[in-house]
Amino acid sequence: MFEVDGNYTRIYYQGRHAMMPHALSYLNVRLDERTFFRVSRQHIVNLDYVETIEPWINDGLHIRLTDGREIEVSRWQAAALRQLLML
């Protein structure tokens, strides 16, 4: 998962994290769109690590990753994620 942290992006992997001096928009165009999905202004997730997807407030979605982290999918991205995953 990638998460905004001020002017940096925090990268979570294998129970660890690191900081990167790039915006999510920089990463979003460079990551494989079949594997990574920008779920909100704050997060990009690796779809291989999504454990559950549930309906959420105002047609949004709520996802839980395999490491237990929970993330709300923005309303504007929920429709795109539904279409991508054929939900």
query = Restricting the first residue to region 65-87 and requiring it to be in contact (Cβ under 8 Å) with a residue 12 or more places away in the chain, which pairs with a second residue that is in a helix (DSSP H, G or I) and among the aromatic types (Phe, Trp, Tyr) meet a Cβ separation below 7 Å and a spacing of at least six or different chains?
reply = LEU65/TYR49; THR66/TYR49
task = Output the number of the condition that GLY15 fails; it satisfies all remaining conditions of (1) more than 14 Å from the chain's Cα centre (by Cα); (2) free of Cβ contacts under 8 Å to residues at least 40 places away in the same chain.
result = (2)
ask   = Of (1) loosely packed, with under 11 Cβ neighbours inside 10 Å; (2) in contact (Cβ under 8 Å) with a residue 24 or more places away in the chain; (3) of a type in the set (A, V, I, L, M, F, W, C), VAL4 satisfies all except one. Which?
value = (1)
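Where in the chain are the strands (runs of 3 or more DSSP E), entirely inside, with at least 3 residues that are aliphatic (A, V, I, L, M)? Break it down into steps so the answer makes sense when it comes.
Values: elements: 2-5, 8-13, 16-20, 36-38, 43-46, 50-55, 61-65, 70-73.
Because the criterion is at least 3 residues that are aliphatic (A, V, I, L, M), the strands (runs of 3 or more DSSP E) in the chain that meet it are 16-20, 61-65.
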query = Across region 34-67, what is the total count of residues that are out of contact with any strand residue (DSSP E or B) (no Cβ under 8 Å at 6 or more places or on another chain) and under 16 Å from MET1 (Cβ atoms)?
reply = 1
note = Scanning region 11-21 residue by residue, those surrounded by 13 or more Cβ atoms within 10 Å (Cβ to Cβ) and either among the acidic types (Asp, Glu) or within 13 Å of VAL45 (Cβ to Cβ) (or both) turn out to be ILE11, TYR12
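Only the coordinates and a few stated rules stand behind these numbers; no lab work does. All values derive from a computational prediction rather than experimental measurement. Positions of Cβ are backbone-derived with ideal geometry, glycine not excepted, and every protein chain shown enters the neighbour counts.
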